[in-house]
Amino acid sequence: MKANPFLLLRRRGFSLIELLTVLAIMAILVGLTGPSLIQALQGTSMTRAAASVQNTLKAAHQYALSLQNTVAVRFYQIPKTTGNFSALQLFEVTPQVDPTTGVVSTTLNTYTPLTPVINLPAPNIMIPNTGTEYSTLLDPAVDPALLTTQDPSSETDVQTPITIPVYGLGYGYIDFRFLPNGATNLPLTSPTGASNNYYVTIAASTQAAAPKNFYTIQVDPLTGKVTFYRP
């Protein structure tokens with residue numbers, strides 16, 4: 001006997017109740033796994049951001065040794081004053097020759113970019129040191145003569161102020177330098193009174209002032225060694 005084709009079609013389909021049951025189960029699973037998935041994705045993003053900062057600082061140290069010249073590490077605050085420290089860049093610093101005297105200047109420098117602007121993957125930032133001790137490398141009080149928050153539009157020691165994509169000159173920055181011998185221009189004793197106490201901490205900008213998850217990268221002012229920490 002031949003099967004009724006309409007009965008076959010009916011057997012292959014899903015009832016409305018079955019479909020709703022499947023959708024309900026999927027919604028429950030998403031609700032249970034969603035927070036864990038989001039946390040895992042944020043952790044991966046933070047790891048990438050921390051690795052980017054760590055590798056850039058190590059590259060600055062190696063550039064200074066190989067070029068036998070001073071290399072500046074700039075931490076960008078975008079936009080200036082109100083923004084987050086969310087990018088960095090390396091520059092070779094070369095003293096300029098004073099055109100009037102023909103003598104190499106001790107104050108005027110030319111900045112040659114060694115890397116493009118390196119943006120941290122959102123929502124990660126380098127935590128500023130205002131009211132905290134999470135990022136002493138971002139503390140303008142470390143040494144006003146060596147490590148200061150600056151406005152690029154008022155720079156006096158470069159031929160042309162450095163512009164960055166999208167923001168142009170609408171940023172501020174803090175920088176420090178690796179010297180040709182591999183050391184840094186940071187004072188050997190930080191404002192907290194402890195030696196070798198220079199670091200920058202990376203966390204998600206959505207977290208509180210005391211983040212549960214973070215990465216800290218430390219720079220030894222004497223040797224330039226870069227060390228990585230994760231709680």
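The values are calculated or read from the model by the stated rules, or taken from the named source; none is laboratory data. Note that the structure is a prediction, hence the values are computed from the model and not measured. Note that each Cβ is placed from the backbone with ideal geometry, even for glycine, and that neighbours are counted across all protein chains shown.
Just one of the listed residues (Ala145, Ala141) is assigned to a helix (DSSP H, G or I) and at pLDDT below 85, namely Ala141.
Here is a yes/no grid of residues against (1) of a type in the set (Val, Ile, Thr); (2) under 15 Å from Thr184 (Cα atoms); (3) buried (at least 20 other Cβ atoms within 10 Å of the Cβ); (4) in contact with a helix residue (DSSP H, G or I) (Cβ under 8 Å, 6 or more places away or on another chain):
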site	(1), (2), (3), (4)
His61	no, yes, yes, no
Ala64	no, yes, yes, no
Phe75	no, no, yes, yes
Thr82	yes, no, no, no
Phe85	no, no, yes, yes
Leu88	no, no, yes, yes
Phe91	no, yes, yes, no
Gln96	no, no, no, no
Thr100	yes, no, no, no
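Taking segment 166-181 as the range and being in contact with a strand residue (DSSP E or B) (Cβ under 9 Å, 6 or more places away or on another chain) and exposed (fewer than 13 other Cβ atoms within 10 Å of the Cβ) as the test, only Val166 passes. I'd like to check which strands (runs of 3 or more DSSP E) are fully inside segment 9-119 and have at least 2 residues that are at pLDDT below 85. Of the strands (runs of 3 or more DSSP E) lying wholly inside segment 9-119, those with at least 2 residues that are at pLDDT below 85 span 84-97, 104-113.
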